[in-house]
Structures are given as C-alpha cells and as structure tokens.
Amino acid sequence: MGVYDLAGRKALVTGGARGLGAGMAEALARAGASVVIADIQEELGRATADAIKQTGATAGFVRLDVTDDAAWEAAVAETVAELDGLDILVNNAGVEISGLAVDFDPAQLRTMLDVNVLGTALGIKHAFRAMRPGGAAGVGGAVVNIASVAATIAFPGIAGYSATKSAVDRLTRVAAMESGKLGYGVRVNCVYPGLVPTVMGNQLAQDVVDLGLFPSVEEAVGTVIALTPGGRLGEVSDMADAVVFLASDAARFITGAGLPVDGGMGM
Ligand SMILES: NC(=O)c1ccc[n+]([C@@H]2O[C@H](COP(=O)([O-])OP(=O)(O)OC[C@H]3O[C@@H](n4cnc5c(N)ncnc54)[C@H](O)[C@@H]3O)[C@@H](O)[C@H]2O)c1
C-alpha cells in the first residue's frame, strides 16, 4: 500500500454536497476511503453521495448544520457506526458574505463567524473525542480544515470573511498542539485555497463588482489571476488532491501546518 493510499480509512466531509467539498469527498473515495458527506442540503448531499457510490466506493450522507453542537455529536456517532470508525475529518463547510468594512452588518458577520469559526471548532472537538484513544473510533487520524487565501492576502470586499478564515488558521495550530500534547494521535492541518469558480467563488467575483471595487467580473478575475504566479484560477481537483495528501500517511509528520493551494497568490 502506497503512502497516498487511503484504503480502509473512513472520512467525514462537511459541506460536501457541492463545490470543493464534493470534489474532496470524491477524491478521498478515489484514494480508497469510505466517505460520509455532511451538509444542510439534504437532496443534493444524497445525490453527491450516490454518485460516489456508483464508482464502487462506500459513501453515505448525514444531515449536519455545523453550527449545532448536538447535531455534530449525532453526526459523528452515525458516521462511526456506518463506516465502523473515523480516521479523517474535512472541515470544509463555509459561507462567504461580501461587504465593505464601512458597511459591516452584525448579522452577516455573525453568520460567517458561526459557520466558518464555530463550525470548524465544533468539528475539531467532536473529531478529537471520537478519534483519540478510548474514543468511539479510537485510533487517531487527521483533521483537515479549509481556510482560504483570504487569510493570507488583503483582497477588498471580504474583510469579515478573511477574519474568519484567519481564525481557522489559528484553530488549526492550537488544536494540533493540544492533540500532540495530550496524545490524541490526530494531526490537524489546514489548506488555503485560491479562488475557485464554484457557486461561492462566482458569487464573490460578482459581489466585488456590485460593491464598486471592480468595473466587471472579468476585471476582478483578471486581477486575481495577475496576482497568481500559477497564471490561472484554482480548480476543484487542485484543492481535493491537497486534502487527500494531508489526510494520507504521506503527510504523517505534518501537523499544525497550513498549505497554500493558490498558485502562489498568497506568498
Ligand atoms: N470557492 C472558492 O473560491 C474558495 C476559496 C477559498 C476557500 N474556500 C472555502 O472552501 C469551502 C467550500 O467552498 P465552496 O466554494 O465549495 O462553497 P459552496 O458554497 O459551493 O459550498 C459550500 C457547501 O457548504 C454547505 N454549508 C454551508 N453552511 C453549512 C452549514 N451550516 N452546515 C453544513 N454545511 C453547510 C453548503 O450547503 C454547500 O454544500 C468553504 O469553507 C470556503 O470558504 C472557497
């Protein structure tokens, strides 16, 4: 078995109904893992899980609002029961609401803090409880948090979102430190994706035009690409492959790290 092989591993991917999360779930399954998708979008989430099953992999769906502590406890228990363990958690669910600092809206900021920060924190909590020695799964594992290039650059129109993704970065580092110190056997890392034209990415490009920051979507996207040594936007598979790497034994001595997958934009 190669170090990138995930045969026999069991994974839970939040926000896996569509976009980057769906791609991550598919890539983990292709690498050999059994996967449960957790999302608030039930119909789409089940369809994505079914599509993975069609490839011969084991896949399931659980409804989970990542801001709900009790729902996390139930979703992790259900995943452990269904897959007979849990080795990998991808904290991917997230929301982005653009806006200028001069117009900060408390409700919008709270929504992003809830989903992006609280949701990730609760995921770490319940993964640790399940994966640490004596937990329901009990054999350690890997948590991969999805931050953003927004945590490493200053792009106009996304200050609130950027703050929540910087918080994901710090959650990652301190959680990794605690896992090591307390012997949980769980590596915790994060990825900083560059802009990918998913529903969220496309909306963001439109938002910064509507906010008067760029004359057109083409100009906004062109500015991002001009800032990117890799010379293009990100693709779902770019992010998914990085998650597979961090979840695998190839990353066995990597913890508390943040991996930019942004074509060099955030250097
Ligand atoms: N697309 C990009 O350009 C980009 C760049 C950097 C980082 N990211 C991050 O990657 C992750 C995925 O982004 P995406 O582009 O696929 O977004 P998306 O909007 O296409 O998909 C997000 C998924 O998360 C789910 N979700 C939202 N709130 C949830 C909640 N409370 N509980 C459970 N699930 C919930 C949605 O239903 C959806 O399926 C997010 O954390 C995002 O911040 C995206």
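The values are calculated or read from the model by the stated rules, or taken from the named source; none is laboratory data. Note that the coordinates shown come from a computational prediction; the quantities given were computed from them, not determined experimentally. Backbone-built Cβ (ideal geometry, glycine too); neighbour counts: all protein chains shown. For accessibility, only protein heavy atoms count, side chains too; no ligands or nucleic acids. Shrake-Rupley method; radii C 1.70, N 1.55, O 1.52, S 1.80 Å.
Table for the structure above
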read-out: The chain - share of DSSP beta bridges that are antiparallel (%, nearest 5); value: 0 percent
read-out: Gain in span if fully extended, residue 81 to residue 104, counting 0.36 nm per residue against the direct Cα distance; value: 4.0 nm
read-out: Residue-normalised accessible area of the chain, given per residue in Å² at a 1.4 Å probe; value: 44 Å²
read-out: Neighbour net charge for residue 254 - beta-carbon separation under 14 angstrom, K R +1, D E -1; value: +2
read-out: Virtual spin-label span in nm between residue 125 and residue 166, 7 Å along Cα→Cβ; value: 2.4 nm
read-out: Long-range amide H partners of residue 258 with built H, under 5 Å; value: 190
read-out: Nearest-20 debye value, segment 114-267 charge dipole, Cβ charges on Lys, Arg, Asp, Glu; value: 900 debye
read-out: Carbon/sulfur fraction of accessible area - segment 133-267, other protein chains in place, 1.4 Å, %; value: 60 percent
read-out: C-alpha center-to-center spacing [segment 178-201, segment 11-62] in angstrom; value: 18 Å
read-out: Given charges at Cβ of Lys, Arg, Asp, Glu: segment 154-244 dipole, positive-most of 184, 160, 213; value: 184
read-out: Qualifying aspartates and glutamates (Cα of each under 17 Å from Cα of residue 125; at least 8 residues distant if same chain); value: 65, 68, 69, 73, 78, 87, 114, 169, 178
read-out: Percent of C-alpha pairs per 5 Å bin, the chain, short to long; value: 1, 7, 14, 18, 20, 17, 12, 7, 4, 1, 0, 0
read-out: Packing-based order for 215-225, 24-34, 61-71, using average beta carbon neighbours within 10 Å, highest first; value: 24-34, 61-71, 215-225
read-out: Centre separation in Å (Cα based) which lies between segment 133-164 and segment 68-94; value: 16 Å
